[in-house]
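Report on the structure given below.
Please treat every number below as a calculation from the coordinates, not as lab data. Keep in mind that this is a model prediction, so the values were computed, not measured. Virtual Cβ from ideal backbone geometry, glycine too; neighbours counted across all protein chains shown.
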């Protein structure tokens, strides 16, 4: 019996809401079957994502996984591998962000932030390697943040975790070459219509050289570029309207 998920396949963590959902929608439009990891996403988000993907007539499956739990990560990737057999793209998108004063940082908040934003991408990648290596052109995209490239003193645990993800991108790109390409996207302020409340610490638009906030389309164009430019690995693309110029 042929594999029910036969064809191009992508795994997106945090793939049923906000930016992860927009990336999932794009990959669906490109003909990828989707394995989508979620944890605390509301049922309304699951239904919205499911309804859209069904309309695109691609095959997909949701996998609930607490990315703070290493054992759950391993078991979930094994389930995905059993279902999809191979992976062409891995998007490490899931993340947590908290604005917190330095004196209010707790060990639990710090550990949970690093676990989701940095440790999880490392072990998801590790467990996914056997399936990525079955693809003719495997690609890993890490969604880091401008906070990993700038000094966001109100988001210390978050910024540290995203800086670590930048470094992990470089290390994996070197380690996994030439078979697997590894790049990252560092979004600036991205406004998703209808989900504006999920954008903490929004910078004054006047401080952005291009004088506008980003949209999901800006991130999607970077994802498209990384898929198509097969002579690119080990790079972090800041999609930020020029904010890094202010450093």
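Within the stretch 126-185, the proportion of Cα pairs with more than 19 Å between them is 37 percent. Please determine, in degrees from 0 to 90 and to the nearest 10, the orientation of helix 216-228 with respect to the longest principal axis defined by the Cα atoms of the chain, where the helix direction is its Cα long axis. Relative to the chain, helix 216-228 is tipped by roughly 50 degrees. If R0 is taken as 22 Å, the Cβ-Cβ distance between residue 56 and residue 6 corresponds to a FRET efficiency of 0.85.
Sort the stretch 112-229 into rounded, prolate or oblate with this rule: let a ≥ b ≥ c be the square roots of the eigenvalues of the Cα gyration tensor; rounded if a/c is under 1.5, and if a/c is not under 1.5, prolate when a/b is larger than b/c, oblate otherwise. Prolate. Placing dummy labels 7 Å off each Cα toward the beta-carbon, the span from residue 215 to residue 153 is 3.5 nm. The helix-based estimate of mean residue ellipticity at 222 nm for the chain, built from -39,500 (n - 2.57) per DSSP H run of four or more residues and divided by its residue count, is -12500 deg cm²/dmol to the nearest 500. For the stretch 9-246, rounded, prolate or oblate, judged on the Cα gyration tensor with a ≥ b ≥ c (square roots of eigenvalues), a/c < 1.5 rounded, else prolate if a/b > b/c? Note, shape of the stretch 9-246 comes out rounded. Taking the longest Cα principal axis of the chain as reference, the axis of helix 18-29 is set at about 40 degrees.
Packing-based ranking of 83-89, 174-180 yields 83-89, 174-180, ordered from highest to lowest mean Cβ neighbour count within 10 Å. Most tightly packed first, judged by the mean number of other beta-carbon atoms within 10 Å of their residues, the peptides 159-168, 142-151 read 142-151, 159-168.
Dividing the mean sequence gap of close Cα pairs (under 8 Å, 6+ apart) by how many residues the stretch 94-188 holds gives a relative contact order of 35 percent. Among 127, 235, the ranking by other beta carbons within 10 Å of each residue's beta carbon, starting with the fewest, stands as 235, 127.
When the Cα atoms of the stretch 1-130 are aligned to their principal axes, the ranges along those axes come out at 56, 30, 21 Å in descending order. For the pair the stretch 163-229 / the stretch 47-123, the C-alpha centres are spaced 17 Å from each other.
Taking every C-alpha pair closer than 8 Å and separated by at least 6 residues, the mean separation divided by the residue count of the chain gives a relative contact order of 17 percent.
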